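First up is the structure itself, then whatever we jot down about it.
The values are calculated or read from the model by the stated rules, or taken from the named source; none is laboratory data. Since this is a predicted model, take the numbers as computed values, not measurements. Using ideal geometry, Cβ is built from the backbone for each residue, glycine included, and neighbour counts are taken over all protein chains shown. With ligands, DNA and RNA removed, areas are computed over all heavy atoms of the protein, side chains included. Shrake-Rupley method; radii C 1.70, N 1.55, O 1.52, S 1.80 Å.
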Amino acid sequence: MSTRTITFTLNGQPVSTEIEPHRNLVELLQRFDLFGARESCGQGLCGCCTVLVDDKAVSGCLYFAPWVDGKTVNTVESLDAEGALSIVQQAFIDCGAFQCGFCTPGFVLMVHQLLKEHPNPSDEDIKHYLAGNLCRCAAYPEIIEAVKVAAKSAVKPAAA
Amino acid sequence: MNQVGQSIPRLEVRAKVTGRASYTHHVQLPGMLYGKVFRSTVPHGRIRSVDVEAARALPGVFRVVTGADIKKLIPEPYYGPAFHDQPILAIDKVCHVGEPVAAVLARDPHVAEQAVQLISAEYEELPAVYDEVAAMQPDIVVHDMLKPAGTFADLKHLKGRTNTNISLDYHLKRGDTEAAFARADKVIEHTFKTQQCLHLPFEPFVAVAEPGDGVLTVHTSNQTPSFVRTEIARLFGWPENKVRVKVPHLGGGFGAKVYVKVEALAAALAMLVRRPVKIALTMEEQFYVITKHPTTFRIKSGVNKDGKVMARACEVLWNGGAYADIGPRVTQKSGFTAPGPYDIENISIDSYALYTNRTPAGALRGFGIPQLVWAYESHTDLLARELGIDPVEFRRKNILREGREQATGTAMKDAAIAEVLDAVAKDMNWNAPFDRGSGTVRRGRGIAIGFKASISPTTSVAIVNVAADGSTTLYTSTVDMGQGSDTAYALMVAEVLDMDVQNVRIVHPDTDVTPYDMGTLGSRSLFHMGNAVRLAAEDARTKLRALATEAGLPEGTNYPPAEIFKKRYGMQAGNVIGTATYVPTYKSPDSKTGLSDNVTPFWMIGGAGVELEVDTETGAVRITRLVNAADCGKPINPGVARTQLSGAAIMQLGFTLSEDMKLDGGQVTNASLADYRIPGIADIPPMTNELVEAEQHSGPFGAKGLGESGTFGVSPAIANAIDDAVGVRITELPITAEAVLRALRAKQGRPLEDE
């Protein structure tokens, strides 16, 4: 199958790879040993595969890999690249905002986007931004609390 | 130092928020092939032919495998915890839509998927049965012969039975129900139904089988690693130690990932091609693996005017789908609680597990209990209404008190039924005036309580390893899928060994390393494994003290372990290994009367209260308050315990209000998250979650299991509140706006037309 060469910035590092055009972003990231974005529903409904492309949250399962050519991609792994957790990650821990943890990276990234655009989100803002992230363990009350706790501190931007 | 009882974050939090926690989903091995499954499109039929030629010819396809190929490797390729009825790939016939018929192996999963599309099969279609009531008659029989597994002694008599869909019937007789009905002031009967729904863990079923030198390693997202090991070994005719099962973090289970699901297929394929094989299902495929039993529950009570229930007859039909899975156990173990947590002298229970041509049904967060509570608590509410007695008062009059015998004859012990009921009533502010709304928005409130026995008798083994510097490692085969068991055990070990909880590390299940455990299911782990962990830690403590004596340290002082090792071995060297096995006592119910005076090691109690609004023009229901309370014994980690209650209740909200597998000709027509709606963040009502103060005296540090208790009361509390608001009774789940509107319109004498 024919491949295409793509060049993009991945978690702050310039990278280049050959990729078949039908691969999605989750598969592309796995080639770089990044497993924080996880394909679950495969329909862009659950948010487990959330990735930031040019600072905007996308569903990695519906986003063709070649589309990132020339763009900036940030995954959950970028948040603690220097060893320290982001304020959102710490808030998720402090509030117990997850159980199995499978959907957590997607929620964390989406909350980063939310707080960047709405530093003091209302309950409606929170529900609106997180409507596309599902949690089967249903840690929703704790997640809402975590967003509020994180908002009280200055948020470290996801894309440094 | 008090470790147990403090609220601490789970040990693995950092790995989870950074996306670095490892799941089977991520496993990639050198030379690994992906297996994709070709599935039946008919609900019931004999296989005439399977044409795999085009698939085989597709470039990149490594191998195409059918049931006949599996049989060459494994002569009896049938598995299952209660019945060996499920073939790895279909042989001769298919019994439900979505049943695996063939598998394609390729290096590239997309190629394997494409090849699956090129396979075709011809079937001689047979009539199908989907409904549990219809399946009681042998007009359409799903399996030609019943094949119970040897594992459960009480299923042996079913061996070889033909011309039936009943895979287990459980009967209990206590007192004389008929005579009591004749004497009662009123006899009231209702029928309640539940729908087929499913777990949908976000890490869909996945297993990687890796053949090695004298050992087959199975990496799997599974709640029962020890069972998988035994079952895979049995299939191949191997000793257990030739199979190694490893379970990293689990992306949700809820009872879906118990026993064998995709592991046998991955193992068989890997052994056929002698390479690692990964089977990773899609969200859509999960609708064809395991579900929750649809049920029809006919319940009849004789009551006196003073509100005392004199007799209750329960007939429960469990729609088990095409393969038994653990359905027969659900039928019995949940069946005996069908009359509810009430003190009733005359009881009869008839509980039937049935085969139908649907996706198999198994255990889903409550092991059948939520279906039962739905019926008996809706019924109980109707009895109270009929007698004009307040629903809380009516329950207080009838609940099982400490020491009284439950239907089986087992005396209630450490079961905080009254306390849970009181907690729900108190949190609901039940005695305060309640505004029932006006115009098109009417308000109502309802409560419900339920109870559950534990799975018994089951065994757990734990190993505690104290290293020479005092750092400690715990080996168990409990699968922590977010319920916080790792952290709870670490707290227990730290408590016994008088150390900081952060000094304890937990090894994830790996059957080469971690000892036997029956499984992480039925809220059994905290009690069973918790007891084993406590005993193993105590064993280590005893051995440490002996080592101190050996080292010549004076008795009566608590030396830090590091000091003992150094004194004894002259340097940082050695280990102390503590180990223990826990298995509670148990008496199997009598095969004729269904009675036993020791039917469970502990009881779980859960209750819910709901306030809601009904829009009388649309039937839409809006929950404005949800109160959960449960008897958790003495919680080990109360913060985490509360999230278990909350998560379970929200999951049950989905099963109550929206989740429903729709069938057309046996085909699921809403097999995706787009069409099968689970609760999202916008669906969460204001909630409180209360851990009722209690103690389980036989539990570790007074604790008991709680993963399911939050599901018990939710569904009937909602139906009871709807009745309270608008005077209509919904008897079938899910409670959609349409169902409520239909009931409202029927009550007004202007029913909506059928679809």
message = Using 32 Å as the Cα-Cα cut-off, could you pick out the over-long pairs in B:Lys147/B:Lys246; B:Lys147/B:Lys292; B:Lys173/B:Lys747; B:Lys543/B:Lys704; B:Lys193/B:Lys305?
response = B:Lys173/B:Lys747
ask   = Just which residues of segment B:197-221 lose 50 Å² or more accessible area with every protein chain there, against their chain alone, with the probe set to 1.4 Å?
value = B:Phe202
query = Computed FRET efficiency, Cβ-Cβ of B:Glu345 and B:Lys587, R0 22 Å: what is it to the nearest 0.05?
reply = 0.55
ask   = Hey, can you list the residues from segment A:85-127 whose accessible area shrinks by 10 Å² or more with all protein chains present, relative to the chain by itself (probe 1.4 Å, no ligands or nucleic acids)?
value = A:Leu85, A:Gln89, A:Ile93, A:Gly96, A:Phe98, A:Gln99, A:Cys100, A:Gly101, A:Phe102, A:Thr104, A:Pro105, A:Lys127
message = Give me a comma-separated list of calculated 3J(HN,Hα) values for segment B:342-348, in order, Karplus coefficients 6.51, -1.76, 1.60 applied at θ = phi - 60°, integers in Hz, x for any Gly or Pro.
response = 10, 8, 10, 6, 10, 9, 10
task = Provide the per residue accessible area, probe 1.4 Å, for the protein assembly as shown, rounded to a whole number of square angstrom.
result = 35 Å²
ask   = If you place +1 on the Cβ of every Lys and Arg and -1 on the Cβ of every Asp and Glu, how big does the dipole about the Cα centre of chain B come out, in debye to the nearest 20?
value = 920 debye
ask   = In whole percent, how big is the carbon plus sulfur part of the accessible area of segment B:480-553, probe 1.4 Å, protein atoms only?
value = 49 percent
query = What are the residues whose amide H is under 5 Å from the amide H of A:Glu20, where those residues sit 5 or more places off or on another chain and H is modelled from the backbone?
reply = A:Arg4
note = Computed for the protein assembly as shown: size of charge dipole around the Cα centre, +1 on C-beta of each Lys and Arg, -1 on C-beta of each Asp and Glu, debye to nearest 20, value 1020 debye
query = Are there residues in segment A:133-150 whose accessible area shrinks by at least 10 Å² when all protein chains are included rather than the chain by itself, and which are they (probe 1.4 Å, ligands and nucleic acids not counted)?
reply = A:Leu134, A:Arg136, A:Cys137, A:Ala138, A:Tyr140, A:Pro141, A:Glu142, A:Ile144
task = Find which of B:Pro109, B:Ser120, B:Gln86 sits farthest along the positive direction of the dipole of segment B:84-134, computed with +1 on the beta-carbon of Lys and Arg, -1 on that of Asp and Glu, about the Cα centre.
result = B:Pro109
inquiry  = For chain A, what does the relative contact order come out to in percent, with C-alpha contacts under 8 Å and a separation of six or more?
reply    = 25 percent
message = Just to be sure I understand the rule: take each whole DSSP H helix in chain B, project its Cα atoms onto its long axis, keep it if the span is 20 Å or more and its mean Kyte-Doolittle hydropathy is at least -1.0. Which ones pass?
response = B:369-387, B:525-550, B:638-657
Accessible surface of segment B:597-677 [probe 1.4 Å, protein heavy atoms]: carbon and sulfur percent = 41 percent
Total formal charge among the other residues, if their Cβ is under 10 angstrom from that of B:Pro561, Lys/Arg +1 and Asp/Glu -1 = -1
key: Extension gain (nm, one decimal) between B:Glu125 and B:Ala562, 0.36 nm per residue minus Cα-Cα   = 150.3 nm
query = So if we plug the beta-carbon distance of A:His128 and B:Glu738 into 1/(1 + (r/R0)^6) with R0 = 22 Å, what FRET efficiency do we get, rounded to 0.05?
reply = 0.25
Binned Cα-Cα distances of segment B:412-542, short to long, each 5 Å bin given as a whole percent = 2, 9, 16, 15, 12, 10, 8, 8, 6, 5, 4, 3, 1, 0, 0
message = Please report the net charge: other residues with Cβ closer than 13 Å to the Cβ of B:Ser334, K and R +1, D and E -1.
response = +4
key: Neighbourhood net charge (14 Å Cβ-Cβ; Lys/Arg +1, Asp/Glu -1) for A:Ile143   = -2
task = State, to one decimal in nm, how far the label point of B:Gln572 lies from the label point of B:Arg14, with both points 7 Å from Cα in the Cβ direction.
result = 1.9 nm
inquiry  = Which residues among segment B:385-400 fall inside the zone where the amide N is under 16 Å from a point 7 Å beyond the Cα of B:Asp306, along Cα→Cβ?
reply    = B:389, B:394-399
inquiry  = Could you work out how much longer the chain between B:Arg404 and B:Thr549 gets when fully extended? Use 0.36 nm per residue separation minus the Cα distance between them, nm to one decimal.
reply    = 47.3 nm
remark   = Rounded to one decimal in nm, the spacing of the 7 Å Cα→Cβ label points at B:Leu752 and B:Asp390 is 3.6 nm
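Using a 1.4 angstrom probe on the protein heavy atoms only, line up A:Asp69, B:Asp664, B:Asp510 by accessible area, largest first.
So the residues, ranked largest to smallest area, are B:Asp664, A:Asp69, B:Asp510.
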inquiry  = Given the options B:Ile650, B:Pro700, B:Ala630, identify the residue whose Cα lies farthest towards the positive end of the charge dipole of segment B:610-702 (+1 on Cβ of Lys, Arg; -1 on Cβ of Asp, Glu).
reply    = B:Pro700
key: Cα-derived Rg over Rh, computed across chain B with Rh taken as Kirkwood radius   = 0.98
task = For segment B:216-308, give the percent of accessible area contributed by carbon and sulfur heavy atoms, probe 1.4 Å, rounded to a whole number.
result = 48 percent
request  = Kindly state, to the nearest 0.05, the FRET efficiency for A:His22 paired with A:Lys56, given R0 = 30 Å and r defined as their beta-carbon distance.
outcome  = 0.85
request  = State the answer as a single residue: which of A:Pro105, A:Ser153, A:Thr72 lies farthest towards the positive end of the charge dipole of segment A:38-160, with beta carbon charges of +1 for Lys and Arg and -1 for Asp and Glu, about the Cα centre.
outcome  = A:Pro105
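I'd like the interface area for chains A and B: accessible area of each alone minus the complex, both sides summed, 1.4 Å probe, protein heavy atoms only. What is it in Å² to the nearest 100?
3800 Å²
Relative contact order of chain B: what whole-number percent is it, with Cα pairs under 8 angstrom and at least 6 residues apart?
Relative contact order for chain B comes out at 15 percent.
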note = Expressed in Å to one decimal, the Kirkwood Rh of segment A:85-160 from all distinct alpha-carbon pairs is 12.0 Å
query = Whole-Hz Karplus ³J(HN,Hα) for segment B:449-462, in order, using 6.51 cos²θ - 1.76 cosθ + 1.60 and θ = phi - 60°, x for Gly and Pro?
reply = 10, x, 8, 8, 8, 8, 7, 9, x, 9, 10, 9, 10, 10
key: Cα-Cα pairs of segment B:210-269 separated by more than 16 Å (percent)   = 36 percent
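Suppose we take every Cα in the protein assembly as shown and form the convex hull; what volume per residue is that in Å³?
Hull volume normalised by residue count: 177 Å³.
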key: Assigned charges on the beta-carbon of Lys, Arg, Asp, Glu; segment B:249-290 dipole about Cα centre (debye)   = 220 debye
task = Take each complete run of DSSP H in chain A, measure how far its Cα atoms stretch along the helix's own axis, and keep only those covering 15 Å or more with mean Kyte-Doolittle hydropathy at least -0.5; list them.
result = A:104-117, A:140-151
remark   = Within segment B:85-104, the residues whose backbone N lies under 19 Å from a label point placed 7 Å from the Cα of B:Lys662 along the Cα-to-Cβ direction are B:97-98
inquiry  = Using alpha carbons only, how many angstrom separate the centre of segment B:71-95 from the centre of segment B:559-628?
reply    = 34 Å
ask   = Based on DSSP H runs of at least 4 residues, each adding -39500 (n - 2.57), what is the mean residue ellipticity at 222 nm of chain B after dividing by all its residues, to the nearest 500 deg cm²/dmol?
value = -7500 deg cm²/dmol
